[in-house]
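For reference, the structure is listed below as structure tokens.
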Amino acid sequence: MFEFEAGVEFQNRGMDAYRESRQIFQPENFVQGEYTLALPLKLLNRTGLDHRGGIGFGRRFTPLSGVRVVIDYGKYNAGITTPVTTLSADYLFSLMNWFSGYKPENPWQLEAVAGFTYSFSPDALNKNYKPVAGVPGIKLGVRAAYRFLPHWGIYLEPQNLFRFGRLNENFWMYQNRFSETVGLNIGLEYKF
């Protein structure tokens, strides 16, 4: 018998550094403003996203974890131009601090993002094509940030948002269960 196995292995080499340095972590609050570009850039009108902007508020409790609340507003053009307001609650997990330990002087940050969303739209439909006030969803992403001044930073956040319903009757669907929006958030962040 012959077996061939291929895979990816992740080793956490930073836990000792994290344990030793977490006592010096100072919890921080942050405010962010963001603008979203559609990916893959309206290929076949898949996302239908024209423009979206938002503001978020968050807090980092430990070197590894944080939470934020984001509200954004945008217009989607999938045959019908539809205004959409989305509220989301996200959990942030610091991949950089997990693998290399917390270093306050490090201006770079890399985080995994997961959250729940609710999108309000006047043309929203549920999975049974009945009008509703809005549709729930889940969000997954990765956030890379750079602090260029003591309190100011910029970030890029590619994310995938799955909504369990339609924003309008023409919005792109996958197996009639949810709508998908792939986006790249570009933003400015203030930490205090």
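Key figures for this structure:
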{"item": "Conditions (1) hydroxyl-bearing (Ser, Thr, Tyr); (2) in contact with an Asp or Glu (Cβ under 8 Å, 6 or more places away or on another chain); (3) at pLDDT below 90: number failed by residue 85", "result": "(3)"}
{"item": "Residues that are under 30 Å from residue 97 (Cβ atoms), surrounded by 15 or more Cβ atoms within 10 Å (Cβ to Cβ) and aromatic (Phe, Trp, Tyr), drawn from region 119-158", "result": "155"}
{"item": "Total residues in region 160-171, condition crowded, with 16+ Cβ neighbours inside 10 Å and modelled with pLDDT under 75", "result": "3"}
{"item": "Region 123-136 residues that are over 15 Å from residue 76 (Cα atoms), paired with ones that are of a type outside the set (Gly, Ala, Ser) and in a strand (DSSP E or B) (beta carbon under 6 Å, 6 or more apart)", "result": "136/118"}
{"item": "Criterion: part of a strand (DSSP E or B), more than 17 Å from residue 71 (Cα to Cα) and charged (D, E, K, R) - qualifying residue of 157, 169, 111", "result": "111"}
{"item": "Where a residue in region 60-85 is more than 12 Å from residue 29 (Cα to Cα) and its partner, wherever it lies, is among the polar types (S, T, N, Q) and loosely packed, with under 14 Cβ neighbours inside 10 Å, with Cβ under 7 Å and at least six apart", "result": "75/81"}
{"item": "Every pair of residues 6+ apart whose Cβ atoms lie under 6 Å, when the first sits in region 11-39 and is in contact (Cβ under 8 Å) with a residue 60 or more places away in the chain while the second is β-branched (Val, Ile, Thr)", "result": "33/55; 35/186; 38/47; 39/182"}
{"item": "Residue that is modelled with the highest pLDDT [pool: residues in region 1-45 that are more than 26 Å from residue 152 (Cα to Cα) and basic (Lys, Arg)]", "result": "19"}
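The values are calculated or read from the model by the stated rules, or taken from the named source; none is laboratory data. Every value quoted in this text rests on a predicted model; they were computed, and no experiment measured them. Please note: Cβ atoms are built from the backbone with ideal geometry, for glycine as well, and neighbour counts cover all protein chains shown.
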